[in-house]
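So the structure is just underneath, and the comments pick up after that.
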Amino acid sequence: MSEQAKITDQSGRLDKVAAQLFANYSRSQLQHLIVAGDLLVNGQQKTVKYQVKAGDYLLLTPPPIQHLSLEPENIPLDIVYEDQDLLVVNKPQGMVVHPAPGHPNHTLVNALLYHCPLSTINGTYRPGIVHRIDKDTSGLLMVAKNDLAHQALAKQLKAKKNLREYTALVHGRVANDQGTINAPIGRSLRDRKKQAVIAGGRPAITHYRVIKRYQQFTLIKCTLETGRTHQIRVHLRYLGYPLAGDPLYGPAKTLKGNGQFLHAGKLGFDHPRTQQEMVFEAPLPDIFQKTLEKLDKKENFK
């Protein structure tokens, strides 16, 4: 049910003022609703930092509640490493990491729960998940089997101590042999399904280096310094080299595949119990490798 309010003498950030006016919601909940476009100002989507003005009209229309159930499912897993504290899994393209509206089951979490106990820090629907990758991105994920491991791995992520390297195939011939994209990312103001480089977004840094240039494409390696939603996909589009096969950020005419050609091929971290440095690698999916072989048969440039 929609709720509405009018700004009279209140002032400050939208999320802060909204928390005063809509008492049934926490400030954190309202921030998510603002980003999702479910809380509008004068009929328009604003950022959480928008400074309200007298006369502004707020309309809150929360999405309908969707009830999810989390059940263990006997789904095969490609486990690269496992011990008492954690496991590293190679997620295939097409698999969602955790249940969410629109994807209530058949996720990586459903499969993991069937395989082993998981940490409880992330709540009911994301147990064990320290970080995630998109549904149509393949590759390595670290998963915590207990809360001690989860806390330690999450702390490393926050301190930017992890190694997360991706292989990406992009449209165009990338000009520089290497570079860094430092551009803030937030919810697109034009399309709520997308992320975008926007003023006031969260800091986001991606490092890249060219592996091979083809006539119309470039194979690159990307290393994440931060981990924003769709970060590599958004940053590469912003740079002018969208990912091949990307249905959301790529061009309409692109390479056929199972979504974007993006693979989390290398993952490194310090073991939460032993502090030993651990690095894992996973080969490219077959469709990615075969696509590169086809490109190799055509004219390519070094």
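Odds and ends about this structure:
- Taking Cα atoms only, the orientation of helix 286-297 departs from the longest principal axis of the chain by about 60 degrees.
- Within-15-Å neighbourhood charge of residue 115 [Cβ basis; K, R +1; D, E -1]: -4
- Farthest toward positive dipole pole in region 137-182 [+1 Lys/Arg, -1 Asp/Glu at C-beta], among 151, 139, 176: 151
- Summing Cβ point charges (Lys, Arg +1; Asp, Glu -1) relative to the Cα centre of the chain gives a dipole of roughly 1160 debye.
- Pairs from 6/49; 256/297; 46/91; 158/212; 253/290 whose Cα-Cα separation, in the structure shown, is over 24 Å: 46/91; 158/212
- Given R0 = 30 Å, the distance between the Cβ atoms of residue 116 and residue 159 translates into a calculated FRET efficiency of 0.65.
- Centre-to-centre, using Cα atoms only, region 197-216 and region 13-79 are separated by 29 Å.
- About its Cα centre, the dipole of region 177-302 is roughly 540 debye, where the only charges are +1 on Lys and Arg Cβ and -1 on Asp and Glu Cβ.
- Extension gain for residue 32 to residue 286 (0.36 nm times residue separation, less C-alpha to C-alpha distance): 87.7 nm.
- Label-reachable residues, region 224-238, where backbone N falls under 20 Å from a point 7 Å from residue 253's Cα toward its Cβ: 237
- Efficiency of FRET from Cβ geometry, residue 10 and residue 223, R₀ 35 Å, rounded to 0.05: 0.20
- Each Lys and Arg contributes +1 and each Asp and Glu -1, all at the Cβ; summed about the Cα centre of region 3-60, the dipole is approximately 200 debye.
- Ranking of 263, 98, 131 by neighbouring Cβ atoms within 10 Å, starting from the fewest: 131, 98, 263.
- Distance from region 107-144 to region 146-185 (C-alpha centre basis), Å: 18 Å
- Order of 145, 49, 158 - criterion: other Cβ atoms within 10 Å of each residue's Cβ, fewest first: 158, 49, 145
- Across region 152-229, C-alpha contacts under 8 Å between residues 6 or more apart give a mean separation that, scaled by the residue count, equals a relative contact order of 35 percent.
- If R0 equals 22 Å, the separation of the Cβ atoms of residue 270 and residue 212 corresponds to a calculated FRET efficiency of about 0.10.
Coordinate-derived values only; no laboratory data. Since the model is a prediction, treat every value here as computed from it, not as a measurement. Positions of Cβ are backbone-derived with ideal geometry, glycine not excepted, and every protein chain shown enters the neighbour counts.
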